[in-house]
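Worksheet for the structure shown next.
The values are calculated or read from the model by the stated rules, or taken from the named source; none is laboratory data. The model shown is predicted, which means the values in this text are computed figures rather than measured ones. With ideal geometry, Cβ positions are generated from the backbone for all residues, glycine too; neighbour counts draw on all protein chains shown. Heavy atoms of the whole protein, side chains included, go into the accessibility calculation; ligands, DNA and RNA do not. Shrake-Rupley method; radii C 1.70, N 1.55, O 1.52, S 1.80 Å.
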Amino acid sequence: MTAPPAAATGPPPLLTGRTAAVALAVVLVAAFMELLDATIVGVAAPAIAADLGAGEAALQWTVAGYTLAVGAGLVTGGRLGDRYGRRRLFLLGLAGFALASAACGLAPSPWALVAGRVAQGLAGGLMIPQVFGVIRASFAPAARARAMGAYGAVLGLASVAGPLLGGLLVEADPFGLGWRAVFWVNVPVAAAGLALGARFLPESRSGDGTGFDGTGAALAATAVVLPLLPLVQGRDWGWPWWGMALMALSVPVTALFLWWERRLAARGGRPVLDPALLRGRAFALGLAASLPFFGALGAFFLLLSLYLQGGTGRGPWEAGLVILPFAAGSLITSGIGVRFADRAGRAVLVGGALLLAASQLLLLALLHGDAPSSTALAVPLFAGGLGLGLTAPSLVNVVLAGVPARDAGAAGGVLSTVTQIGGAVGVAALGTVFFARLEDALAGGSSAAAAHTHALAAVLPWQVACYAAAAVLLFLLPARPHEETSP
């Protein structure tokens, strides 16, 4: 088995056989690792708080700061890969992710950990768009659809595997590392990915020779940061007027970004986000649906982990085991969703989102009374996993099906940006609701168990609303995805 030859410009040779399998495994494992780190910290949060003395804002920033940094860099990372080489940017991002993970594992203080998490996110912003670019540029159409479906399955599985793996690592305490093991585990995985990626990944790029859109990249990052900063930090700041002003300012900055991108495209340049992509119905609606869908998903596992440990007295590993049925349900339906999406179309996506909404309603009903047992919790969590497996893998295919291969990296960056922004907004907004209700209940004399139950119960109706909104947007998608095969 030999490495595929690199292509300086234009499309690389299509991958086949064992070489294709190894290349796909490398990019999917890297994607899984990056996505896992968005949720793995949730179950370790109490241990981090106890060891480093981290407060609520610092805990939220360990999650939201990571997703914020990823979201701020994804679109730019995708266009950089399209221009300078997807393999090169993938390996650079993977190396940076390993170094930042080591920095997190060595963090001496809460805000040093947050800084390491931001660095992780920036490296992920370089790495993840290249996954889409490599798949779109290096696989034949039939293999490409299967690979995209596999990425969607990885997206869903990583969301639920984080709490389980995090709980296992914190509880097992390998080498006495405690919570730091959730970061150190990335280092050997990334090292293996670098070795295999350098050998088996082909190089590809759009090769159009146009300059990089630095102004667009800066505007895109600013538009992402402006609303999230006051959302996460607002309670500690006392919700000052200028925090609200920052959120409001994100609207004209976003409008300015889109105006600049249209102007640049009209002059023959290559914007970081080609406005023509947003004119595709499936692409635009899929992105819109991804915001509430992944926003609810991103917040749920952090807040559920805090409830299970702070409200029911479970340890990290036991809390991870409680969430295991969600992962099992997602695994069962991930392949089914991709296969049936071609025939049932948007019905599969809508059904999955509604099943997730129903699972949250059932969980809410269980919170009225004594603390639910692990067996009782397994029912709504398993149902939620079934819904996730139906929606997440197929949604990736639908959103990217009509995107030309030359824009694969940028389009993948946009999709990942939206999912990361959704997750960060979910953690920030729903985390604010959770912690506010928790503090009010504790101040009113409630026990820790009752206060955590009250806080989670306050969040779940918002979860239901997010999944219902996603279902409405998914219903507006075209009945069948359209596959664009042009280079």
Open item on the list: Testing residue 150 on (1) modelled with pLDDT of 80 or more; (2) surrounded by fewer than 24 Cβ atoms within 10 Å (Cβ to Cβ); (3) in contact with a helix residue (DSSP H, G or I) (Cβ under 8 Å, 6 or more places away or on another chain), one condition comes back false. Which one is that?
Closed with: (1)
TODO: Scan the stretch 344-396 residue by residue and report those that are open to solvent by 20 Å² or more (accessible area, probe 1.4 Å) and outside any helix (DSSP H, G or I).
DONE: 368, 369, 370, 371, 373
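Give the residue, chosen from 160, 182, that is over 17 Å from residue 394 (Cα atoms), out of contact with any Asp or Glu (no Cβ under 7 Å at 6 or more places or on another chain), aliphatic (A, V, I, L, M) and modelled with pLDDT of 85 or more. It would help to see each step written out before you state the result.
Numbers: 160 fails: modelled with pLDDT of 85 or more.
Unique residue meeting the criteria: 182.
Do the conditions hold for residue 193, that is, is it at pLDDT 90 or above and closer than 25 Å to residue 135 by Cα?
Values: at pLDDT 90 or above: yes; closer than 25 Å to residue 135 by Cα: yes.
Here the answer is yes, as residue 193 does meet what is asked.
Residue under question is residue 85, and the condition is that it be of a type outside the set (A, V, I, L, M), open to solvent by less than 40 Å² (accessible area, probe 1.4 Å) and under 19 Å from residue 39 (Cβ atoms); does it hold? Before you say what the answer is, go through the steps one by one.
Details: of a type outside the set (A, V, I, L, M): yes; open to solvent by less than 40 Å² (accessible area, probe 1.4 Å): yes; under 19 Å from residue 39 (Cβ atoms): no.
Judged against the criteria, residue 85 is not a match.
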Open item on the list: Cβ contacts < 7 Å: first residue on the phi < 0 side of the Ramachandran plot, restricted to the stretch 257-279; second residue open to solvent by less than 50 Å² (accessible area, probe 1.4 Å) and hydroxyl-bearing (Ser, Thr, Tyr), any location; separation 6+ or different chain. Result?
Closed with: 269/210; 270/210; 272/76
TODO: Within the stretch 328-386, track down each residue that is modelled with pLDDT under 80 and among the small types (Gly, Ala, Ser).
DONE: 334, 335, 337, 341, 344, 345, 369, 371
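Any idea which of 245, 319 is at negative phi and surrounded by 24 or more Cβ atoms within 10 Å (Cβ to Cβ)? Lay out the reasoning, then the answer.
Values: 245 fails: surrounded by 24 or more Cβ atoms within 10 Å (Cβ to Cβ).
The conditions single out 319.
Condition test on residue 138, is it polar (S, T, N, Q), in contact (Cβ under 8 Å) with a residue 60 or more places away in the chain and over 17 Å from residue 67 (Cβ atoms)? Before the answer, list the steps.
Numbers: polar (S, T, N, Q): yes; in contact (Cβ under 8 Å) with a residue 60 or more places away in the chain: yes; over 17 Å from residue 67 (Cβ atoms): yes.
Spelling it out, residue 138 is indeed polar (S, T, N, Q), in contact (Cβ under 8 Å) with a residue 60 or more places away in the chain and over 17 Å from residue 67 (Cβ atoms).
Output the residues belonging to the stretch 123-147 that are under 25 Å from residue 96 (Cβ atoms) and open to solvent by 40 Å² or more (accessible area, probe 1.4 Å). Quick ask: steps written out before the conclusion?
Residues of the stretch 123-147 that are under 25 Å from residue 96 (Cβ atoms), as a first pass: 123-138, 147.
Within the stretch 123-147, 126 is the sole residue that qualifies.
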TODO: Could you pull out the residue among 39, 19 that is open to solvent by 20 Å² or more (accessible area, probe 1.4 Å) and not aliphatic (A, V, I, L, M)?
DONE: 19
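Every residue, every condition in (1) out of contact with any strand residue (DSSP E or B) (no Cβ under 9 Å at 6 or more places or on another chain); (2) in contact (Cβ under 8 Å) with a residue 60 or more places away in the chain; (3) not charged (D, E, K, R), yes or no:
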{"residue": "352", "(1), (2), (3)": "yes, no, yes"}
{"residue": "370", "(1), (2), (3)": "yes, no, no"}
{"residue": "373", "(1), (2), (3)": "yes, no, yes"}
{"residue": "385", "(1), (2), (3)": "yes, yes, yes"}
{"residue": "390", "(1), (2), (3)": "yes, no, yes"}
{"residue": "396", "(1), (2), (3)": "yes, yes, yes"}
{"residue": "399", "(1), (2), (3)": "yes, yes, yes"}
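Quick one: which helices (runs of 4 or more DSSP H) sit completely within the stretch 40-132 and have at least 3 residues that are touching a strand residue (DSSP E or B) at 6+ places or on another chain (Cβ under 7 Å) and more than 20 Å from residue 229 (Cα to Cα)? Lay out the reasoning, then the answer.
Numbers: elements: 40-52, 56-84, 86-105.
The qualifying helices (runs of 4 or more DSSP H) are 56-84.
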Open item on the list: Of the conditions (1) of a type outside the set (Asp, Glu); (2) open to solvent by less than 10 Å² (accessible area, probe 1.4 Å); (3) more than 18 Å from residue 420 (Cβ to Cβ); (4) free of Cβ contacts under 8 Å to residues at least 60 places away in the same chain, residue 109 satisfies every one except a single condition; which number is it?
Closed with: (2)
Open item on the list: Please go through the stretch 156-191 and give me each residue that is open to solvent by 20 Å² or more (accessible area, probe 1.4 Å), over 25 Å from residue 326 (Cβ atoms) and touching a residue at least 12 places away in the same chain (Cβ under 8 Å), ordered by number.
Closed with: 177, 180, 184, 187, 191
- [ ] Could you tell me whether the stretch 47-55 includes any residue that is farther than 25 Å from residue 97 by Cα, of a type outside the set (Asp, Glu) and at pLDDT below 85?
- [x] yes
Task: Some residue of the stretch 304-313 being closer than 30 Å to residue 391 by Cβ, out of contact with any helix residue (DSSP H, G or I) (no Cβ under 6 Å at 6 or more places or on another chain), modelled with pLDDT of 85 or more and buried (at least 23 other Cβ atoms within 10 Å of the Cβ) - done: yes
